[in-house]
Amino acid sequence: MRVVLDPTAFSQPLDLLALLAACARAQHGLAAPIAARDGWLDTLGALAGPLGALFDALAARYTLHPATAATITVRCAGGSNWPTAALEPGDAAALLAQPLELLVENERADFAFLRRIAHPHQRAQLDAAVAAGALRVRQGGGITEVKKSVEALRPQGSGPGEADRRVRRLRTVVLYDRDAQLTDHRLPGRDATDLDQQLADPVANDPWPWWGHRLRRRHIESYVPVEVLEGWQKGDQDTGITPHTTQQHQAAAAVIVALRSASGAQRSIAHALPMKGGLLSVVSKAQRSALPQLAPNAGAQQRMAVENAVAQALNGAWPPPFDQLSPAHRADLLVGWGRCLQDVFSSAAPRWDQSFWDEFDRDLDPTDPGDLAALALVDTLLERL
């Protein structure tokens, strides 16, 4: 965050010291009027040297923040003006002392995913921010709980907790999956759509809007590049994919066959389907209970019954590119293979970085200004620090 000091801010020395301490602990940059700064430092005796050096360091950091970064002005004017981000020193210190909270569905997996799509210099910034306590990753516990957490940060009257709620709201960003509707997997899930609307609804008197980003694909595992899957299939030990059962290995092979031959539109369909948990999950629980158990040694007739149920749930037929798969490969996709991918984002070797960046950027919508490439997405989050 960028902090601009007005000369009047120096009339509140205790709050100003708290503000400087918050800036020093976190990633904030600060610009101060030289005459007012030097005049204040002259009154501090032995503290003038260390605090002068801190001012210089914060000023250097200020120049590194882009103009698009969140910015506040600190001044004494008898009260904070939140809509214009012109704050009293005490309110500014409270805001700056609050770590930026990244709200996600799964703390370990989602932050590993964010680090994986980050470029090396961004990855170093993320790690430094976490180590310094400037960035805190918080697990929502699934998208439904993330929705509840966002709703809990909205204004709830004029009680004593409102000031803290506002500070937390302004220091919260959200990253969440697209998911899919049960009745039409081409559409985002209802919880994801609800969260879109929550974050798009501005809060009166806040200086800047919520910031959240919905991924373009059903879940983070949909971003595992085909090249990484092929490396795992060939026995490469540095993909971060953990081999489990033969069946899961075969499912990965089926995904590779399907995606290698898919057009862009067909890939979009594939990435909206629950391949992590298996395509059988598109069938409602009631229908699933009536289907035969799909054991590894299930006969052709049993597999056909399950395949037909899945096809009906997928708008009546297996969509391209899966319609071109052999019956054996389609059967392999029914039960899923997500456990193999639990460490792929944290453990894949750096040589796979370009594949992950290319995969994330593959289906960008150039007509949507909110559809960010990997580099821009991480930069936007870092600007909030």
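Just so it is clear, none of the values below were taken in a lab; they were calculated from the coordinates. All of these numbers come straight from a predicted model, not from anything done at the bench. Please note: Cβ atoms are built from the backbone with ideal geometry, for glycine as well, and neighbour counts cover all protein chains shown.
Using only Cα atoms, tell me the angle between helix 48-64 and the longest principal axis of the chain; keep it within 0 to 90° and round to the nearest 10.
40
I need the phi-derived Karplus couplings for region 248-264: 6.51 cos²θ - 1.76 cosθ + 1.60, θ = phi - 60°, integer Hz, Gly and Pro marked x.
Taking θ as phi minus 60°, the curve returns 5, 4, 5, 5, 4, 4, 5, 4, 4, 4, 5, 6, 5, 9, 8, 7, x Hz for region 248-264.
Using the C-alpha gyration tensor of the chain, what are the square roots of 5 times its eigenvalues, in whole angstrom, with the largest one first?
Output for the chain: semi-axes of 50, 22, 15 Å.
For the ranges 193-199, 134-140, what's the packing order if you count other beta-carbon atoms within 10 Å of each residue, average per peptide, and put the highest first?
Numbers: 193-199: 16.3, 134-140: 18.6.
Sorting 193-199, 134-140 by mean packing, highest first, produces 134-140, 193-199.
As an exercise, identify the trypsin sites (Lys or Arg not before Pro) in region 213-280 lying in DSSP coil whose Cβ has no more than 16 other Cβ atoms within 10 Å. Please report the intermediate quantities before stating the final value.
Values: sites: Arg214, Arg216, Arg217, Arg218, Lys234, Arg260, Arg267, Lys276; in loops: Arg216, Arg217, Arg218, Lys234, Lys276.
Hits after loop and neighbour filter: Lys234.
What full-extension length gain, to one decimal in nm, is calculated for Ala24 and Trp211 as 0.36 nm per residue of separation minus the Cα-Cα distance?
Values: separation 187, 0.36 × 187 = 67.32 nm, distance 2.43 nm.
My answer for the length gained is 64.9 nm.
In degrees from 0 to 90, rounded to the nearest 10, what is the angle of the helix 13-25 Cα long axis to the longest principal axis of the chain?
Approximately 30 degrees, to the nearest 10.
Can you tell me how much longer the chain between Glu383 and Ala349 gets when fully stretched, taken as 0.36 nm per residue apart minus their C-alpha distance, in nm with one decimal? Could you put the intermediate results ahead of the total?
Numbers: separation 34, 0.36 × 34 = 12.24 nm, distance 2.73 nm.
Net length gain for the segment: 9.5 nm.
With a 10 Å cut-off between alpha carbons and a GNM built on the chain, which of Leu87, Leu259, Leu47 moves the most?
Leu47
Using the Karplus equation 6.51 cos²θ - 1.76 cosθ + 1.60 (θ = phi - 60°), what ³J(HN,Hα) coupling, rounded to whole Hz, does each residue of region 91-98 give in order, writing x for Gly and Pro?
5, 5, 4, 5, 5, 6, 7, 7
Can you list residues from other chains, or at least 5 along the same chain, whose modelled amide H is less than 5 Å from the amide H of Gln181?
Answer set, sorted by chain and number: Leu187, Gly189.
Order these by the 10 Å Cβ neighbour count, fewest first: Met304, Met1. Could the numbers behind the result be given before it?
Values: Met304 14, Met1 26.
Fewest to most other Cβ atoms nearby, the residues stand as Met304, Met1.
Quick one: if you stick a label point 7 Å off each Cα along the C-beta vector at Thr367 and His249, how many nm between them?
4.5
When 1/r is averaged over all different Cα pairs and the result inverted, which Kirkwood radius in Å belongs to region 188-332? Walk me through the numbers on the way to the answer.
Working: mean 1/r = 0.0572 Å⁻¹.
It works out to 17.5 Å.
If the elastic network links every pair of Cα atoms under 10 Å, which of Trp82, Trp352, Trp40 fluctuates the most in the Gaussian network model of the chain?
In this elastic network of the chain, the residue with the biggest mean-square fluctuation among Trp82, Trp352, Trp40 is Trp40.
Could you tell me the calculated FRET efficiency between Ala290 and Ser268, based on Cβ-Cβ distance and R0 = 22 angstrom, to the nearest 0.05? Intermediate values should be presented prior to the final figure.
Values: r = 31 Å, r/R0 = 1.42.
E(calc), rounded to 0.05, equals 0.10.
What nm value, rounded to one decimal, do you get for the distance between Gln301 and Leu41 when each label is placed 7 Å out toward the C-beta?
In this crude spin-label approximation the distance works out to 8.8 nm.
On full extension of the chain, what length is gained from Asp236 through Asp127, given 0.36 nm per residue of separation minus the C-alpha to C-alpha distance?
Numbers: separation 109, 0.36 × 109 = 39.24 nm, distance 2.74 nm.
Taking Asp236 through Asp127 to full extension adds about 36.5 nm, to one decimal.
Run the quick spin-label model on Gln312 and Gln197: label points 7 Å from Cα toward the beta carbon, then report their separation in nm to one decimal.
3.1
Can you list residues from other chains, or at least 5 along the same chain, whose modelled amide H is less than 5 Å from the amide H of Gly212?
Val174
Relative contact order for the chain: what is it in percent, counting Cα pairs under 8 Å that are at least 6 residues apart?
18
For the chain, what is the percent of antiparallel DSSP beta bridges, rounded to the nearest 5?
On the way: 1 of 22 bridges.
Looking only at bridges with both residues in the chain, the antiparallel portion is about 5 percent.
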